[in-house]
1. Which loop trypsin sites (Lys or Arg not before Pro) in region 232-339, with loop taken from DSSP, have no more than 13 other Cβ atoms within 10 angstrom of their Cβ?
2. Sort 224, 284, 212, 299 by Cβ crowding within 10 Å, fewest neighbours at the top.
3. Rank these for me by crowding, 146, 153, going from fewest to most other beta carbons within 10 Å.
Amino acid sequence: MLGLMQKNNVYKVAVLLTLLGREAAQEVMKQFDPDMVERIGKEMLKCGEISKAEGEKVLREFVQEMRKIDTVAEGGASFVKAVLAPMMRADRAERILEEIKRSQEIELFKSLREVEPEKLIAVLHSEHPQAIALVLANLASEVAGTVMMQLSTAKQGEVMRRLAILDKTQPDIEMAREIERRLLERLEKEVDHGKLGKLGGVQNCADILNQMDKVAVHRILEEMESKNVQLAEEIKQKLVRFDDLVKLEAMEIQRVLKEVETQDLATSLIKASKEVEEAVFKNMSKRGADMLKEDIEVMHNVKNEVIRAARLKIAEIMRRLDEEGVIVLNKGSITDEVV
């Protein structure tokens, strides 16, 4: 709280107190002088209804401030879980905390995150699957997906399997440092060594697979199923694709469309399947659908990567809404159809 106040951002304090509820907010307000109480009170009146996104943003900053004070770091995590509980599902709250923890603790492979994917592919190609999995766990999903696409079919499945269980079998930090040192020597880079936080996991695998094309995803999952069916099924449950729109109920599709920018929606529908087009247009007003069709008609020579980027944005929106319990993507048993 003090960190936020020192930044003179009274609005964020007002949001945080609003999330806490009346009784807790009253106790906290007793710690401020009358002038500050008045300022915060005015901001609380302006807040109105606080969106989940805004609430999460403020809570993230609060946790980061709390974690700067070692003696209350764990209390900060418990506090955020308690505040987030009425706002969203437990797994979503846990993920926010993990993201913050991950961003603060992981320093190993920091320099590798600045390396171009092509150079990474050149040095990782001959590495052991465990070493590759460890590196990919520290890269942005889109970069990891690019690297994964260039690996051999057999190695793709093995790397993904090891990545999925990496959070349960934390690697030795000295081993990680040795891998980092060796790779950096080959890349002629320098790096600062640090602590090794939680890596990999099923969600990390799904994030990477979401960046890859359907054929590659299907091939990798088949390879994984040949060695660990349960693990492959867990990853399938986490995958979210643009085409998953057709699996949603009408009200759910309408909810997703409210979150999507018009430009992204138009771009995503270029070369889309008839089923996806129909699902979108059916859940818009006639005027809105007509305008969207006109926008699409005048969009020429749009690059595939631009279309893919727009679809990824929509897939991410669907995943977020699913985590918040607004929509339900997995309505039944997992089937072999994942692409």
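Every number in this text was worked out from the coordinates using simple rules, so none of it is lab data. Predicted model, so just to flag it, every value in this text is computed and none were measured. Cβ placement follows ideal geometry from the backbone for every residue including glycine, while neighbour counts extend to all protein chains displayed.
1. When the trypsin sites (Lys or Arg not before Pro) of region 232-339 are filtered for loop state and at most 13 Cβ neighbours within 10 Å, 271, 303, 331 remain.
2. Ascending Cβ contact count within 10 Å gives the list 299, 284, 212, 224.
3. Going from least to most buried by this count: 153, 146.
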